[in-house]
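The structure appears right after this line, and notes come after that.
Nothing in this text is a laboratory measurement; each read-out follows from the coordinates by a stated rule. Note that the structure is predicted; figures quoted are calculated from it, not measured. Note: ideal-geometry Cβ built from the backbone for every residue, glycine included; neighbour counts use all protein chains shown.
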Amino acid sequence: MKGINLHLYSAPLVRDSRSRKESKSIEDYLWFDKILMLGIQAPNVAQFTDISKEVRVERLKVSFYHKLPFLKSICFYLEWYVEIWKRVKKEKISVVQCHGINELVIGVFLKWRKKSKLIYDAHELETERNGSKGIVNLYLKFIEWFLIRFADEVLVVSPSILEWYENKYKGNSITLLRNLPKESLFNVESHQFNLKESLGIPDNDVLYIYLGALLKNRGVEVILECFSKSSTSNHVVFVGFGDYDLKIKEYAKEYKNIHYKKPVEPSEVIGLTRSADVGLCLVENSCLSHYYCLPNKLFEYILAGVPIISSNFPDLSGVVNEKKCGWLVEPNAGALLNAIEKIDKNIVDLTKQRMSENPLMESWETEEIIYINAYKRMLKK
């Protein structure tokens, strides 16, 4: 087929593991001359990143919308679409993969203009996501309803979201593609950490870890409230970045059992997590997308052999119950506090032992087969 496999995602594409894993998986099949990932330029981030000889990330500058007095969100995406078109209008585009609903608009346009194939990769339940309401939500619902019919393949991230999309859009080819860790992370002997030692925590105390974006309704405020009231033998460390960085650091100054650590490289995540006792996956039920979520960090905790306290939501509870790897709670400070006050180092060690007898046998490499088959189906159409 050759030409360019174009991936579109309105983010800086620095730590997005899903899109990077997908691009690397496609690279080995030599279907395309180049795999080009277009994102958004951000401060202190290089404009270009060559992941390999065939895979390049380019971050486009989108800044004019700042000068406009109104409708900044709409103007941002209009400018983003213009910049994408300016970048690829002279290129041969064979496949466009849209990593989100806002990219679907320009994706359909490129399909028409470039006679290319189109994949809609929904990283969450796109029309039911956190903070989406009012006229914006109505717009997103209309855009997805109207444009999804032009997608040759649709990818979703959890069984419940798959069921939702299958019921909503019966004419589309929809595939479950979970965001699992790569098999290369299973052996991380070169990236070992001792979080307790670096944070000055006694060995017999229980250290909880939170991985990922520090954003609203991701459980950050719930965890802070809980640990500010808990026994000082229970510690939590937040590893990530986002809107709550400063608030966490303020709590860390006041409470000796609350800690913050900057994100590490993807290759170091499992080694870092292994030095904690329990992983926290407390998404709040602020939208249907959160209720049906199946985040990457859940599998990273399991891969690291660390028990989990998770929100008692359908897909999260399904994994925790199947793997017998932790405890399910309602995502509020009272329920979390009640759970951690019953957990000690002996219970953690027993749970880790049980997990070692039922290890995570799946990886991105098992999902990769599903992804490649979706491409094969699409290219045959």
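What to note about this one:
- Per-residue Cβ neighbour counts within 10 Å put D205, D50 in the sequence D50, D205, beginning with the fewest.
- In range of the label at K92: residues from segment 23-51 whose backbone nitrogen is under 19 Å from the point 7 Å along Cα→Cβ: 27-37
- On Cα atoms only, tilt of 72-88 relative to the major axis of the chain in degrees: 60
- Reachable aspartates and glutamates from K249, criterion Cα separation under 16 angstrom, eight or more residues apart if same chain: E221, E225
- The chain pair-distance distribution - Cα-Cα, 10 Å bins, rounded %: 5, 22, 31, 25, 13, 3, 0
- Among the chymotrypsin sites (Phe, Trp or Tyr not before Pro) within segment 13-102, those in coil by DSSP and having at most 16 neighbouring Cβ atoms inside 10 Å are Y29, F70.
- Cross-link pairs exceeding 29 Å in C-alpha to C-alpha distance, out of K182/K342; K117/K323; K90/K216; K21/K323; K115/K216; K92/K141, comprise K182/K342; K117/K323; K90/K216; K115/K216; K92/K141.
- Along the chain, longest interval not containing exposed GluC sites (Glu not before Pro), exposed being DSSP loop plus at most 15 other Cβ atoms within 10 Å: 190-340
- Counting beta carbons within 10 Å around each of L30, L8, L280, L360 and listing the fewest first gives the order L30, L360, L8, L280.
- Applying 1/(1 + (r/R0)^6) with r as the Cβ-Cβ distance of A46 and K342 and R0 = 51 angstrom yields a FRET efficiency of 0.60.
- Degrees separating the helix 314-323 axis from the principal Cα axis of the chain, which is the longest one: 60
- For the chain, built as a Gaussian network whose Cα springs stay under 10 Å, the top-fluctuating residue of N204, N312, N179: N204
- Length gained when the stretch S17-L328 is fully extended (0.36 nm per residue, less Cα-Cα span): 109.4 nm
- Sorting L38, L140 by the number of Cβ atoms found within 10 Å of their own Cβ, with the fewest placed first, yields L140, L38.
- For the pair E357 and E197, the difference between a 0.36 nm per residue extended length and the Cα-Cα distance amounts to 54.8 nm.
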